[in-house]
């Protein structure tokens, strides 16, 4: 992580020991911060920013370096499919999965707070319906293999400790 701690410290004519005392950390921690060998915790980054009267962004980013976008790339729209994205919360997520699964919408992606679905643009008389399963927490290899043997398919993009699986209804 790029930072400007050394420049700010020397502008005040402080030693690493002086800055360490101000921040209530060891001198070795200050050295590791200045050389980029240690990324500070959020509380420590706030203390550093407050001490120098700067924002965290001003201290820990290089103004000459172009900023990288943190926005996810838009989903690729597959030809021959209709697509829709629904905002999902803990209160409505299961209802959305049940409703759209019964209408033949296949879950195609999961982002934090967003569910993406696709459905063939030219629907047969009886479009396939989908059943979804949402599991929270750590998932062992054995549990995952058991779900796969039962015909469940994992949905790509499941965030963190939440796992989504789908399978067509018979």
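Read the figures in this text as sums done on the coordinates, not as results from a lab. None of these values were measured; they are calculated from a predicted model. For neighbour counting, all protein chains shown are included, and Cβ atoms are generated from backbone atoms with ideal geometry for every residue, glycine included.
For the range 5-60, max minus min Cα coordinate along each principal axis, in Å, sorted largest first?
For the range 5-60, the Cα spread along each principal axis is 23, 21, 18 Å.
Starting from the 7 Å offset along Cα-to-Cβ, what nm value, one decimal, do you get for the label separation of residue 90 and residue 32?
My value for the distance between the label points is 3.4 nm.
Considering all alpha-carbon pairs of the range 81-168, what whole percent are spaced by more than 22 angstrom?
Across the range 81-168, Cα pairs with separations above 22 Å total 25 percent.
Return the FRET efficiency for the residue pair residue 122, residue 148: r is the Cβ-Cβ distance, R0 is 25 Å, and the value is rounded to the nearest 0.05.
On the way: r = 30 Å, r/R0 = 1.20.
Working from the Cβ atoms, E equals 0.25.
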